[in-house]
Ligand SMILES: Nc1ncnc2c1ncn2[C@@H]1O[C@H](COP(=O)(O)OP(=O)(O)OP(=O)(O)O)[C@@H](O)[C@H]1O
Ligand SMILES: [Mg+2]
C-alpha cells in the first residue's frame, strides 16, 4: 500500500523541512521505500537528502507539477539508501543575473 504524507504549514521556520527529512529517514530505516518530494525552491529537504544547496537539477518538482512523469523527475538520494527524491526547483537561481 502506498501512503502519502504531506508536511505543510504556512509559518516560516516552523520546522517543515526538518520534519520531512526526519520522517523520511525514519521510514527508510524501518525498511520502507520512500519518495521524498521537495516542493520548496529553497531546497532544504533536497539538501538533507544529500544534494547541493546550489545544484540546478535537470528535472525537479516543478516539472512534476507541470505534468512530467514522476519517474523522469526522480533520482536516488546519495545520502540515504532506499530513498528516492524529487528535488526542489531552484527557480530563484535561474532568474539571477550574476555580475
Ligand atoms: N527540534 C528542533 N529544535 C530546535 N531547532 C530546530 C528543531 N528542528 C529544527 N530546528 C531548526 O529550526 C530552523 C527551521 O527549521 P526548518 O528549516 O525545518 O523550518 P521550515 O519550516 O522548513 O522553514 P522554511 O519556512 O524556511 O522552509 C532550522 O534552523 C532548524 O535547524
Ligand atoms: Mg523549509
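A few notes on this one:
- Extreme residue, farthest from ligand 1 (Cβ to nearest atom), among residues of the stretch 45-66 that are surrounded by fewer than 16 Cβ atoms within 10 Å (Cβ to Cβ) and closer than 17 Å to residue 91 by Cβ: 58
- Among (1) surrounded by 17 or more Cβ atoms within 10 Å (Cβ to Cβ); (2) more than 16 Å from ligand 2 (Cβ to nearest atom), the one test that residue 36 misses: (2)
- Residues in the stretch 9-44 that are more than 8 Å from ligand 1 (Cβ to nearest atom) and in contact with a helix residue (DSSP H, G or I) (Cβ under 7 Å, 6 or more places away or on another chain) were compared, and the one that is farthest from residue 80 (Cα to Cα) is 41.
- Here residue 6 clears all of (1) modelled with pLDDT of 95 or more; (2) away from ligand 2 (no atom under 16 Å from the Cβ) except the condition numbered (2).
- Residues in the stretch 1-15 that are exposed (fewer than 10 other Cβ atoms within 10 Å of the Cβ) and under 20 Å from residue 42 (Cβ atoms): 6, 8, 10, 11, 12, 13.
- Residue check for residue 83: away from ligand 1 (no atom under 16 Å from the Cβ) and either over 13 Å from the mean Cα position of the chain (by Cα) or surrounded by fewer than 14 Cβ atoms within 10 Å (Cβ to Cβ) (or both): no
- Cross-chain or 6+ apart pairs with Cβ under 6 Å, the stretch 42-54 first and touching a residue at least 40 places away in the same chain (Cβ under 8 Å), then within 10 Å of ligand 2 (Cβ to nearest atom) and assigned to a helix (DSSP H, G or I): 44/17; 45/17; 45/20; 45/21
The values are calculated or read from the model by the stated rules, or taken from the named source; none is laboratory data. Being a predicted model, the structure only gives us computed values, none of them experimental. Every residue, glycine among them, receives a Cβ derived from its backbone with ideal geometry; neighbour counts consider all protein chains shown.
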